[in-house]
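Structure record follows, encoded as structure tokens.
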Amino acid sequence: MAAQPEGTPVWANAMFTDLQGAKNFYGSVLDWTFGEPSAEHGGYTQAYRDGKAVAAIMPSMPGQGPGHSAWVLYLASADAAATAERIRAAGGTVLLEPTRVGEFGTMAVAADPGGVVFGLWQGDRHTGFALRDAPGSYGWAEVFTRDPAAANAFFPKVFSYGVRKLVDDSVDYRVFTLGDAQVLGSMAMTPEVPPHVTSFISVYFVVDDCDAAADRVAAAGGQKVFGPMTTPFGRFASFVDPQGAAFTLIDPAAAEGEPPATVEVD
């Protein structure tokens, strides 16, 4: 498989203090199954939908208390070391230097100037999502930040994104593009977001019925934060899982109305 353009979302994973609890929750909500934990890579456990790799979970680092789980989105890099240098030059922070992960590829973890954490993945044997844009798999992501000006300047510098703005007076929403492909959204946190919530990338997983999925989240012990709400992009709702990791579910087939136009931003 040819390498994906730099900046393309290619993978997502999260750390949990209760790995079995995470398996139970996401297995119930998204019908995921799980491979065997990798002792060589700290208990890293791949998640599958219909036999195709969609994400991964792993045990939390020693000393990391409960309630600090978070999904991390990984963006494609042709050269993780070179991308790390661009991150620093653009005012970001490299939290984990590029590290070889056996024969699978090279990873790094970084943050933008506003504290938005994301990963880099320079794929080798592991090229990323084997399934996406289908029920139970990754569908979209957006930077949800208290410093949108910083994010909207930083990410295009690092990944050469084009930037388009939704023509919608009710929200300042930017879309990062690679050629004709829309790859990542960016928007400011609203005043309703509790002050203890830090800036992050919200990962969207696709479902085929958002309301039914919301019921599964509740039954499995998750907490609804917002929605479900129907938009021109689909019916979606945001949640926090029992261990504190935020995520969003979306049913694109339930979209209503015409999507707002976008205009290019210099």
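May I ask you to list the residues in region 89-148 that are outside any strand (DSSP E or B) and among the aromatic types (F, W, Y)? Before the answer, list the steps.
From region 89-148, those outside any strand (DSSP E or B) are 89-92, 102-104, 112-116, 124-131, 133-137, 146-148; that's our starting set.
Once the filter is applied, which keeps residues that are outside any strand (DSSP E or B) and among the aromatic types (F, W, Y), region 89-148 yields F104, F129.
Determine if region 134-144 includes at least one residue that is crowded, with 18+ Cβ neighbours inside 10 Å, more than 28 Å from G51 (Cβ to Cβ) and not β-branched (V, I, T). Walk me through it before giving the result.
Quick first cut of region 134-144, residues crowded, with 18+ Cβ neighbours inside 10 Å only: 135-144.
Those left that are additionally more than 28 Å from G51 (Cβ to Cβ): 142-144.
Adding the requirement that they be not β-branched (V, I, T) leaves 142, 144.
Within region 134-144, one or more residues are crowded, with 18+ Cβ neighbours inside 10 Å, more than 28 Å from G51 (Cβ to Cβ) and not β-branched (V, I, T).
Conditions tested, residue by residue: (1) among the hydrophobic types (A, V, I, L, M, F, W, C); (2) surrounded by 17 or more Cβ atoms within 10 Å (Cβ to Cβ).
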position	(1), (2)
D147	no, yes
R164	no, yes
Y173	no, yes
L178	yes, yes
Q182	no, no
S186	no, yes
P194	no, no
A213	yes, yes
G222	no, yes
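Quick test for you: out of A151, A110, pick the one residue that is buried (at least 18 other Cβ atoms within 10 Å of the Cβ) and in contact with a helix residue (DSSP H, G or I) (Cβ under 6 Å, 6 or more places away or on another chain).
Values: A151 fails: in contact with a helix residue (DSSP H, G or I) (Cβ under 6 Å, 6 or more places away or on another chain).
The unique qualifying residue is A110.
Of the conditions (1) over 15 Å from the mean Cα position of the chain (by Cα); (2) free of Cβ contacts under 8 Å to residues at least 60 places away in the same chain, A110 satisfies every one except a single condition; which number is it?
(1)
When A12 is evaluated against the numbered criteria (1) surrounded by fewer than 22 Cβ atoms within 10 Å (Cβ to Cβ); (2) under 17 Å from Y138 (Cβ atoms); (3) hydrophobic (A, V, I, L, M, F, W, C), which criterion, by number, is the only one it fails?
Exception for A12: condition (1).
Does any residue in region 1-25 that is within 17 Å of L249 (Cα to Cα) come within less than 9 Å, Cβ to Cβ, of a residue that is at pLDDT 95 or above and part of a helix (DSSP H, G or I) six or more places away or on a different chain, and which pairs are these?
If the second residue must be at pLDDT 95 or above and part of a helix (DSSP H, G or I), the pairs left are A14/A22; F25/V217.
G92 is checked against (1) surrounded by fewer than 16 Cβ atoms within 10 Å (Cβ to Cβ); (2) more than 16 Å from F205 (Cα to Cα) and fails just one. What number does that condition carry?
Among (1) surrounded by fewer than 16 Cβ atoms within 10 Å (Cβ to Cβ); (2) more than 16 Å from F205 (Cα to Cα), G92 violates only (1).
Within region 230-248, take every residue that is more than 24 Å from S60 (Cα to Cα) and at pLDDT 95 or above and give me the one that is surrounded by the fewest Cβ atoms within 10 Å (Cβ to Cβ). First the steps, then the outcome.
Going through region 230-248, the residues more than 24 Å from S60 (Cα to Cα) turn out to be 230-237.
If we keep only those that are at pLDDT 95 or above as well, we get 230, 234-237.
Numbers: T230: 15, G234: 22, R235: 23, F236: 26, A237: 20.
Top of the filtered list is T230.
Mind checking which residues of region 217-228 are at pLDDT 95 or above and closer than 17 Å to G139 by Cβ? Before you say what the answer is, go through the steps one by one.
Within region 217-228, the subset at pLDDT 95 or above is 217-224, 228.
V217, P228, listed by residue number.
The values are calculated or read from the model by the stated rules, or taken from the named source; none is laboratory data. Only a predicted model underlies this, so the values are computations on that prediction, with no experimental measurement involved. Heads up, the Cβs are rebuilt from the backbone with ideal geometry, glycines too, and the neighbour counts pull from every protein chain shown.
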